[in-house]
Amino acid sequence: MYPAELLPYKQKDHLNEVWFAIMTMDILEIASLIGDEVNFYESSKQEFLEILDDKFRKHKILKDEQFYLNITNCFKIHKDEIVHEFVGIESGINLGLIFDIKDCRITGIKFCNCFGGIFDLDNYYNW
């Protein structure tokens, strides 16, 4: 799903707003939408946002301005969990996030490195 496809059908619910903010790499909007009560697992909200913003910066270097969203299952580390794979439209490199969702609200969020193709490029690029 591309960001433009989400807009005409976009319900004003929390989940779609967060997805759209990620798809458009709007870190300030993401920060305002994700509450402090969300479980970020091994990091704080601030650390999570800094890591996410760094990934956005790297995608922008690769000429990505937006992501499209592919929802799939993790095939390695987080078996049987649903991964939201945000794929750079220009680079084709993905960013994997796993959301814990309850009543259309995000209650937890973590990275899935199986779908974090930007890591594979860290050895080749001087970001």
Count of residues meeting criterion [acidic (Asp, Glu) and in contact with an Asp or Glu (Cβ under 7 Å, 6 or more places away or on another chain)] in the range 41-76: 1
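Would you mention how many residues in the range 15-39 are of a type outside the set (A, V, I, L, M), within 14 Å of the chain's Cα centre (by Cα) and modelled with pLDDT of 95 or more?
Adding up the residues that qualify gives 3.
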Looking only at the range 1-14, count how many residues are assigned to a loop (DSSP other than H, G, I, E, B) and at pLDDT 65 or above. 2
Restricting the range 68-81 to residues that are within 14 Å of residue 111 (Cβ to Cβ) and surrounded by 11 or more Cβ atoms within 10 Å (Cβ to Cβ), the one modelled with the lowest pLDDT turns out to be 78
I'm trying to understand the selection: among the residues of the range 43-73, which are free of Cβ contacts under 8 Å to residues at least 24 places away in the same chain and part of a loop (DSSP other than H, G, I, E, B)? 43, 44
Taking the range 14-34, which residues are over 21 Å from residue 64 (Cα atoms) and either crowded, with 16+ Cβ neighbours inside 10 Å or in contact with a strand residue (DSSP E or B) (Cβ under 8 Å, 6 or more places away or on another chain) (or both)? 14, 15, 33, 34
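The values are calculated or read from the model by the stated rules, or taken from the named source; none is laboratory data. Because the structure is a prediction, the values reported are computed rather than measured. With ideal geometry, Cβ positions are generated from the backbone for all residues, glycine too; neighbour counts draw on all protein chains shown.
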